[in-house]
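Working notes, beginning with the structure itself.
The values are calculated or read from the model by the stated rules, or taken from the named source; none is laboratory data. Everything numeric here is computed off the predicted structure, so don't read it as measured data. With ideal geometry, Cβ positions are generated from the backbone for all residues, glycine too; neighbour counts draw on all protein chains shown.
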Amino acid sequence: MTDKSKKIFKIMILLMLAALVIFLTVRYFVPLCHIFGTEQGREELAGFIKRAGIFAPLVFILLMAFQIVIAFIPGGPLEITGGFLFGGWLGTFLTITGAVLGTLCVYALVKKFGSPLVHFFINEEKMKTFSVLQDEDKLEFWVFILFLIPGIPKDLLTYIVPLMKIKGRRFLILSALARFPALTASVLMGDGLSDGRYGFCIVIACLSAVALFAGLQIKKHILKEKHESK
């Protein structure tokens, strides 16, 4: 196959993939947003996972991965549902597993189709927000920090990082470790809701709010420093 044929083939595959993403977004994204946005919807989601019986953990992992691949779908309510259904320890394990699987899928897709796929989800202006990733000497440091800071859209970041010179294994490990605190907090909140430990949930919510505020300030500081250094 010639280089031109390979390029045409890649474009066709990318267009088919884009069509699939559009279909999934229209078919499932709007309903999922409704589900995640209401208490009744979240109960329906929990019921859907429960009905899978012994396969419920697998269904949850796949939903977590799907949520990351389709970057527009919010992940917090699903993480809380994981804690509600499976408890703190197992819920955290399943949530992290789903996040790693979704990240792996995104990494493979971006490595295959490159920036055209990324630009389908993220415009050029948004990508400039993460210009710190251009620092190759500190790339892994910035990947970890950006995934760790609350308030940064992790699923969009998952699409951007594979464009950089970073090995897949290192990316998966760094992103999983950095995601761990926030994912665990959401799962523990769901676990607390499952048995009526509302005080515990309020504490986690307050700590999460403080972390979010601090994260947004750190994000502004990083961006300000980067801008001033140019």
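Selection of the stretch 51-79 for residues being modelled with pLDDT of 85 or more, part of a helix (DSSP H, G or I) and more than 19 Å from Cys105 (Cβ to Cβ) yields Gly53, Ile54, Phe55, Ala56. Is it the case that Ala211 is buried (at least 16 other Cβ atoms within 10 Å of the Cβ), farther than 21 Å from Phe121 by Cα, among the hydrophobic types (A, V, I, L, M, F, W, C) and modelled with pLDDT of 85 or more? Answer is no for this residue. Got a number for residues in the stretch 128-150 being surrounded by fewer than 16 Cβ atoms within 10 Å (Cβ to Cβ) and touching a residue at least 40 places away in the same chain (Cβ under 8 Å)? Summing the residues that are surrounded by fewer than 16 Cβ atoms within 10 Å (Cβ to Cβ) and touching a residue at least 40 places away in the same chain (Cβ under 8 Å) in the stretch 128-150 gives 1.
Does Phe200 count as surrounded by fewer than 19 Cβ atoms within 10 Å (Cβ to Cβ), among the aromatic types (Phe, Trp, Tyr), touching a residue at least 60 places away in the same chain (Cβ under 8 Å) and within 18 Å of Gly91 (Cα to Cα)? Answer is no for this residue.
Every test in (1) in contact with a Gly (Cβ under 8 Å, 6 or more places away or on another chain); (2) at pLDDT 90 or above is passed by Phe180 save one, and that test is (1).
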